[in-house]
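Below is one structure, written out as structure tokens, with a few remarks after it.
The values are calculated or read from the model by the stated rules, or taken from the named source; none is laboratory data. Since we're looking at a predicted model, the values are computed, not measured. Counting neighbours? That spans all protein chains shown, and the Cβs are built from the backbone with ideal geometry, glycine included. Surface accessibility is based on the protein's heavy atoms, side chains included, excluding ligands, DNA and RNA. Shrake-Rupley method; radii C 1.70, N 1.55, O 1.52, S 1.80 Å.
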Amino acid sequence: MSGLTAILDDFKSDLNRVRDLLSLIKNFRTFGASTPPLEIVTETIAWKEAMVLKESAPNLRTDLPIMSGSMVLYLCGRLEYFVRQIVENIGDEIAAAVANYEALPKGMRDELRRRTLDIVKTPTKYGFQSTEADLALIALAKNLDNSVASGSGSISIASKILSVTESNMRPSVLQDVMKRVDFSDVWRELGKQAKLKEFLQESEDKECSSAAAKRLDRLMDLRNQIAHPTAGTTFPDPDQVIWITEYLEVLSIVLVDLCKLHLTRFTTAVRSTGIDPFA
């Protein structure tokens, strides 16, 4: 479980970094609208750097939302990486808990087989080097041979295969990648979490699920608008992006909590029965 905690901590650290940068943008905007002290203007107190910055600020203030928009692109990319890390970690933990390939959840076995074969056909399409794809195929072949690693107490899988996505991290994509590690209905479970309900101000499970998914969908719409701007594109201001970081932080916390529970249930069932609990 420590792997999931570390992944979450890194993600939250990057969210804080974005918030710090957005606060700097807000402070610069306030600075640009401020009136400098008379001592600075008359150079009774010399601070050339402050005056140069002050003189340039009025021309830049209207363009600051573009910088805020670039933070949205970063946040969406960082979220995608965060989800990939979670899926790979869960895949590795599940594999470490079973003695052979057949004891993996059936959905995981099917995904590993199908996606490995797809990636071997066109590695670069999925961001793989040819050698990486070959190694993944070798790992799959070994796991399909039940004599390999039998009695070792665990197996090894190419978990990166499970986290491959071909589109933005929309709600349906998040649902899909979590299913690959046998987490069947992530949005339903997320909607039950008190921390997310409190943040979104939704008291009912179904409404909370819907509101959380809708926010993520709108974030991806915003991401696409910023990535492909037109003359009519409206960039978000810093406060809007700060809200996005707060939403992603709450979402990530409850998601990781649920993933830890998912792993606990799996490993407990494996230890008590010695068979695939999801068959």
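Scanning segment 225-279 for residues that are surrounded by 12 or more Cβ atoms within 10 Å (Cβ to Cβ), at pLDDT below 85 and assigned to a helix (DSSP H, G or I) yields Phe266, Thr267, Thr268, Ala269, Val270. Among residues of segment 219-234 that are closer than 14 Å to Ser167 by Cα, those with a beta-carbon under 8 Å from a residue that is assigned to a loop (DSSP other than H, G, I, E, B) and charged (D, E, K, R) at least six positions away or on a different chain give the pairs Met220/Arg170. Consider Ser130 carefully, then state whether it is open to solvent by 70 Å² or more (accessible area, probe 1.4 Å) and modelled with pLDDT of 85 or more. Judged against the criteria, Ser130 is a match.
Taking Met178 as the residue in question, decide whether it is assigned to a loop (DSSP other than H, G, I, E, B) and surrounded by 18 or more Cβ atoms within 10 Å (Cβ to Cβ). When the stated conditions are applied, Met178 does not pass them. Residues that are in a helix (DSSP H, G or I) and of a type in the set (Asp, Glu) were ranked within segment 196-211; the one that is least open to solvent (accessible area, probe 1.4 Å) is Asp205. A Cβ distance below 9 Å, combined with a sequence gap of six or more or placement on separate chains, defines the contacts here; from segment 182-194, residues that are part of a helix (DSSP H, G or I) reach residues that are open to solvent by less than 50 Å² (accessible area, probe 1.4 Å) and among the hydroxyl-bearing types (Ser, Thr, Tyr) in the pairs Trp187/Ser209; Arg188/Ser209; Glu189/Ser209; Leu190/Ser209.
So is Ile45 assigned to a helix (DSSP H, G or I) and either under 30 Å from Ile253 (Cα atoms) or of a type in the set (A, V, I, L, M) (or both) or not? Please lay out each step first, then the result.
Working: assigned to a helix (DSSP H, G or I): no; either under 30 Å from Ile253 (Cα atoms) or of a type in the set (A, V, I, L, M) (or both): yes.
No: the conditions fail for Ile45.
When you look at Leu216, is it surrounded by 18 or more Cβ atoms within 10 Å (Cβ to Cβ), modelled with pLDDT of 95 or more, of a type outside the set (Lys, Arg) and under 30 Å from Tyr101 (Cβ atoms), yes or no? Even if it seems obvious, please write down each step before you answer.
Working: surrounded by 18 or more Cβ atoms within 10 Å (Cβ to Cβ): yes; modelled with pLDDT of 95 or more: yes; of a type outside the set (Lys, Arg): yes; under 30 Å from Tyr101 (Cβ atoms): no.
Judged against the criteria, Leu216 is not a match.
In the set Leu140, Leu162, Leu104, which member is of a type outside the set (Val, Ile, Thr), within 24 Å of the chain's Cα centre (by Cα) and open to solvent by less than 30 Å² (accessible area, probe 1.4 Å)?
Details: Leu140 fails: within 24 Å of the chain's Cα centre (by Cα); Leu104 fails: within 24 Å of the chain's Cα centre (by Cα).
Checking each option against the conditions leaves just Leu162.
Among the residues of segment 58-81, are any at pLDDT 90 or above, of a type in the set (Asp, Glu), in a helix (DSSP H, G or I) and open to solvent by less than 70 Å² (accessible area, probe 1.4 Å)? Looking through segment 58-81, at least one residue is at pLDDT 90 or above, of a type in the set (Asp, Glu), in a helix (DSSP H, G or I) and open to solvent by less than 70 Å² (accessible area, probe 1.4 Å).
Selection over segment 32-48 of residues that are under 39 Å from the mean Cα position of the chain (by Cα) and either free of Cβ contacts under 8 Å to residues at least 24 places away in the same chain or open to solvent by 70 Å² or more (accessible area, probe 1.4 Å) (or both) gives a count of 1.
Tally time: how many residues in segment 17-31 are surrounded by fewer than 12 Cβ atoms within 10 Å (Cβ to Cβ) and within 16 Å of Ile244 (Cα to Cα)?
Restricting attention to segment 17-31, the residues satisfying the condition of being surrounded by fewer than 12 Cβ atoms within 10 Å (Cβ to Cβ) are 20, 27, 30.
Checking which are within 16 Å of Ile244 (Cα to Cα) leaves us with 20.
Adding up the residues that qualify gives 1.
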